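Okay, structure first, notes after.
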Amino acid sequence: MQATTVSTPAVRSIDQAAQWFHMLWPPVLMFVLGIALWESAVWLFEIPIYLLPAPSQIMATFLERPWFLLGIGMVTFSNALMGSAIGCSLGVLVAIFCVRWTFVADGLVPLAIAASAVPIIALSPLMGIWLGSVSAASKIGVIAVMTFFPTLVSVYAGLISPRADALLLMRSYAAPQRAVFLKLRMPAALPFLFNALRVCATLSMIGAVVAEFFGGPRNALGVYIKTQAGILRTREAWSAIMVACLYGLIFYLVIVLIERWVMPWKHRHSGQ
């Protein structure tokens, strides 16, 4: 009995490590293959450096001044984080109002779906006029708008996803609306919420960088990428793009870890 008790955590750790390996090796393998093909194509076809530098050249350029690039990346990432927090929070609140008052949902949800199709490149100049092209407020506003509509649509779909018989059962026990929301609608909406947050984690970094193309402080990724690409310093531009990808990936992984902490039963059920 004692040997079984001692070995159980070890066996569980081995199983978890095997699951993580099974989950991570396909994307890691594809990433390595993609980088290898990119590097080989640049040297094999002798592509000029101002058109497409090799990954090794991009990494070398990054290592020349990593703290500068990570620093300007943090400026852009802070705007992305703040804008995403505002947009997602408002999306959740409005989704709750839509469930409580159906006439709001009938008018707003179709509009939100249509607004999601508006390209960010058309919105950024207008935000610059309204909130200041150099100020962080215009970048945060763009990201808030980008993340608001996907969150609203997704969370609303989750809040109305419980089956009709489950709602009838709660009402047959005279459960108040607050109990129905906390015990039934909210747990049902959690997977939809985290799906929206994962999407918004990547959208926010894209929106922050694109918004900075139309004006921003010099110590920001979008301005740096635009400036370096304009004078054909593509290695510097690509190194900044790599930093943007790094921050976006970190943001995404943090959302995934929070999801695993908030909803451990989902991953136990799926075996991940």
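The values are calculated or read from the model by the stated rules, or taken from the named source; none is laboratory data. This one's a predicted model, so the numbers in the text were calculated from it and none came from an experiment. Counting neighbours? That spans all protein chains shown, and the Cβs are built from the backbone with ideal geometry, glycine included. Keep in mind that these areas ignore ligands, DNA and RNA; they rest on the heavy atoms of the full protein, side chains included. Shrake-Rupley method; radii C 1.70, N 1.55, O 1.52, S 1.80 Å.
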| query | Taking the stretch 34-78 as the region of interest, how many residues are aromatic (Phe, Trp, Tyr) and farther than 25 Å from Phe213 by Cβ? | reply | 2
| Wholly within the stretch 58-132, helices (runs of 4 or more DSSP H) carrying at least 2 residues that are under 17 Å from the mean Cα position of the chain (by Cα), of a type in the set (Lys, Arg) and farther than 30 Å from Gln177 by Cα | none
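Residue-by-condition table, conditions (1) open to solvent by 20 Å² or more (accessible area, probe 1.4 Å); (2) touching a residue at least 24 places away in the same chain (Cβ under 8 Å); (3) at negative phi; (4) of a type in the set (A, V, I, L, M):
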{"position": "Pro217", "(1), (2), (3), (4)": "yes, yes, yes, no"}
{"position": "Ala220", "(1), (2), (3), (4)": "no, yes, yes, yes"}
{"position": "Ile241", "(1), (2), (3), (4)": "yes, no, yes, yes"}
{"position": "Tyr247", "(1), (2), (3), (4)": "yes, yes, yes, no"}
{"position": "Leu257", "(1), (2), (3), (4)": "yes, no, yes, yes"}
| request: Please state which one of Tyr156, Tyr173 is aromatic (Phe, Trp, Tyr) and open to solvent by 70 Å² or more (accessible area, probe 1.4 Å). | output: Tyr173
| message | Name the residue that is surrounded by the fewest Cβ atoms within 10 Å (Cβ to Cβ), counting only residues in the stretch 113-148 that are under 13 Å from Ser204 (Cα atoms) and without any contact (Cβ under 8 Å) to a residue 60 or more places away in the chain. | response | Val145
| said: Which of the numbered conditions does Arg235 fail, given that it passes all the others? Conditions: (1) modelled with pLDDT under 85; (2) closer than 30 Å to Gly128 by Cβ; (3) among the basic types (Lys, Arg). | reply: (1)
| said: For the stretch 30-51, which positions are among the aliphatic types (A, V, I, L, M), open to solvent by 100 Å² or more (accessible area, probe 1.4 Å) and either assigned to a helix (DSSP H, G or I) or in contact with a strand residue (DSSP E or B) (Cβ under 9 Å, 6 or more places away or on another chain) (or both)? | reply: Met30, Leu37, Leu44
